[in-house]
Structures are given as structure tokens and as C-alpha cells.
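Step one of this worksheet: look at the structure below.
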Amino acid sequence: MSKTILITGASRGFGKLWAEAFLKRGDKVAATARNLSDLDDLVSTYGSNILPVKLDVTKREAVNEAITTITNYFGSIDVLINNAGYGLFGTVEETTEEQARAQMETNFFGLLWVTQAVLPVMRAQKSGHIIQVSSFLGLTTLPMLGLYNASKFAVEGLSETIATEVAHLGIKVTLIEPNGYATDWAGASATQTHDGIEDYTIIREAFATSGENPDTWGKPEATVDIMVSLTDNPNPPQRLLFGKIAYQSVKQAYTEKLTAIEAWKEVSIAAHGH
């Protein structure tokens, strides 16, 4: 039985790959993008099974209007894939207020507005699957990505909470946590702070060097079948790491955190007071 899938940020990268995969197998796809011409090839191939929707997810009223348009056209939304987002590169101190707010507006608030707009539809259906494209940097951190890390940590906390609030309504929530992939996330989609403080030169250089090994970047095509099968799973995981770097990094980070928690156990208990 075909599903109706809503994918934000569907003009390129993961979003477009996944949109095409769902369309190929006969699903209906509402694909949002800021530039609809990027979806012309899918429209010419799949016709009325794809509904391109021009959308800036940071505009809450526009998001609500888009969801109304989609439900009027398809009648339902079975799966939401919140994929819109971008990377902001630079140290925290060098990040401007405008850059910081813009990063949170898209990566966190945009995801929040879309999720809030879709939830009434799924509540009425008593079914649905919300898939939030987070990052392994929502569970651990890297320097030079402070505001991006923060936006994804926020997505993690928000989505974990939503999962506890909607489970009894038949709505499932999954956080996808990719490591870096060979999409344009670090290219045309990214923004950069002004590199003006000499004390951070060593951090910038180390970060630049760390991305030179092609093995650290996942292949986007490898996620396609996994994403499609995830939407068919009656008991999907709440979290799913994408990529071997994500798995290795998060496992190490949580092992170290648990070790530190145990080392300070007695102090923690004493701080309770009784």
C-alpha cells in the first residue's frame, strides 16, 4: 500500500535522493524546496504523484499553509521527513548574532514549525511516522561547528520529548543521526563565520585537515534503501546512526561520559542532600 511522504529540503542531497526512491516504488511525495525548478526532473517523470511545494521552513505561517495544501491534495501525510537544514562553520566566538539566529531558525525552529503543523493531521489519522534528520553531532560535538552542534542537540531533546507525548496516539518518532556525507551540506548549502581571531588558527587548520580523508564521508546512495525500509518498519528505532564514523564517535563519547558519571557518583549523590 502506497504512502504519502512529506520531505522538507528535497531539492538536493539526501532529500532529493529519498524523494526519488519513494516515487520509484509508487509512493506519493510532497517535496518542499525554496527553488521549485530543482524538482522539475522529478515532476516530469512522476507527474501527479509528486507535489512540489515552495517553502521556507523558517516562516511559520507559510509552513501551516503548505501543510493545508498538501493534505488537500493527497488527503493524508503518513510520513514526515524533516530534512531541511544547513551547516554553519566557524568558532563560537567568531559567530555573529545574525549567523547564530539563522542557524537555529532553520535547523531547530523550522523543524519545530513543520512538526507542529503535521501533528494534528497524524493525530486525526491515529497514525504517522515523524523522521527528524538530526546528526551524530546532536549526540557529540566537533569544534568549528558549535552552533550546528547546538541546533542538533536541541532537535534531539525536542524529538525525544515528542516521542513520549504521541506514542499513545499511534505516532512514531525516529531521529536519524548521520555523520558527514558527500552531499553539498559542507559546500553550497553551508555558511562560514569570519575567520578573524588568530588564536583559533590551529583549530581551523586541524578541522580542515580532518576532512581530507575521503573515507570519513559516507556515500549518500547507501542511505536510500535504509530510509525506505525504515518507513515500512512497524517498530522503528527512536534513534538510528547513519555511517561508521557516527557509530564510532558516539560510542566513544558515551563510553567516556558514563565513565565520568561513575567516577563522580558519590559527589552526585551527596549533592541530593538526603
Residue match in segment 216-223 (condition: farther than 26 Å from Asp27 by Cα, touching a Leu at 6+ places or on another chain (Cβ under 8 Å) and either in a loop (DSSP other than H, G, I, E, B) or free of Cβ contacts under 8 Å to residues at least 40 places away in the same chain (or both)): no
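Being assigned to a helix (DSSP H, G or I), in contact (Cβ under 8 Å) with a residue 24 or more places away in the chain and under 18 Å from Arg123 (Cα atoms) is the filter here; which residues of segment 67-99 pass it? Spell out how you get there, then give the answer.
Going through segment 67-99, the residues assigned to a helix (DSSP H, G or I) turn out to be 67-74, 97-99.
Then drop every residue that is not in contact (Cβ under 8 Å) with a residue 24 or more places away in the chain, which leaves 67, 70-71, 73-74, 99.
Result: Ile67, Ile70, Thr71, Phe74.
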Residue tally, condition out of contact with any strand residue (DSSP E or B) (no Cβ under 6 Å at 6 or more places or on another chain), hydroxyl-bearing (Ser, Thr, Tyr), surrounded by 14 or more Cβ atoms within 10 Å (Cβ to Cβ) and within 19 Å of Val114 (Cα to Cα), over segment 29-68: 1
Residues located in segment 1-18, provided they are more than 15 Å from the chain's Cα centre (by Cα) and not hydroxyl-bearing (Ser, Thr, Tyr): Met1, Lys3, Ile5
From the options Lys126, Lys152, residue that is surrounded by fewer than 17 Cβ atoms within 10 Å (Cβ to Cβ), touching a helix residue (DSSP H, G or I) at 6+ places or on another chain (Cβ under 8 Å) and among the charged types (D, E, K, R): Lys126
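Kindly indicate which of Tyr200, Tyr254 is in contact (Cβ under 8 Å) with a residue 60 or more places away in the chain, in a helix (DSSP H, G or I) and within 23 Å of Arg101 (Cβ to Cβ). Give the steps one after another, and end with the answer.
Numbers: Tyr254 fails: within 23 Å of Arg101 (Cβ to Cβ).
Answer to the selection: Tyr200.
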Residue list for segment 131-153, filter: of a type in the set (Gly, Ala, Ser) and outside any helix (DSSP H, G or I): Ser134, Ser135
Residue tally, condition free of Cβ contacts under 8 Å to residues at least 40 places away in the same chain and in a helix (DSSP H, G or I), over segment 6-20: 3
Matching entry among Glu165, Glu212, Glu156, Glu205 (being of a type in the set (Asp, Glu) and part of a loop (DSSP other than H, G, I, E, B)): Glu212
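Suppose the filter is over 27 Å from His129 (Cα atoms) and at pLDDT 95 or above; does Ala271 pass it?
Details: over 27 Å from His129 (Cα atoms): yes; at pLDDT 95 or above: yes.
Criteria met by Ala271.
Here is a check on your reading of the model: is Ala260 among the aliphatic types (A, V, I, L, M), part of a helix (DSSP H, G or I) and under 24 Å from the mean Cα position of the chain (by Cα)? Can you show your working first?
Details: among the aliphatic types (A, V, I, L, M): yes; part of a helix (DSSP H, G or I): yes; under 24 Å from the mean Cα position of the chain (by Cα): no.
Judged against the criteria, Ala260 is not a match.
For segment 225-238, what are the residues that are touching a Leu at 6+ places or on another chain (Cβ under 9 Å) and buried (at least 17 other Cβ atoms within 10 Å of the Cβ)? Walk me through it before giving the result.
Restricting attention to segment 225-238, the residues satisfying the condition of being touching a Leu at 6+ places or on another chain (Cβ under 9 Å) are 226-227, 230, 236-238.
Those that are touching a Leu at 6+ places or on another chain (Cβ under 9 Å) and buried (at least 17 other Cβ atoms within 10 Å of the Cβ): Met227, Leu230.
The values are calculated or read from the model by the stated rules, or taken from the named source; none is laboratory data. Treat the numbers as computed from the prediction; the structure is a model and nothing was measured. Here Cβ is always computed from backbone atoms with ideal geometry, including for glycine, and neighbour counts include all displayed protein chains.
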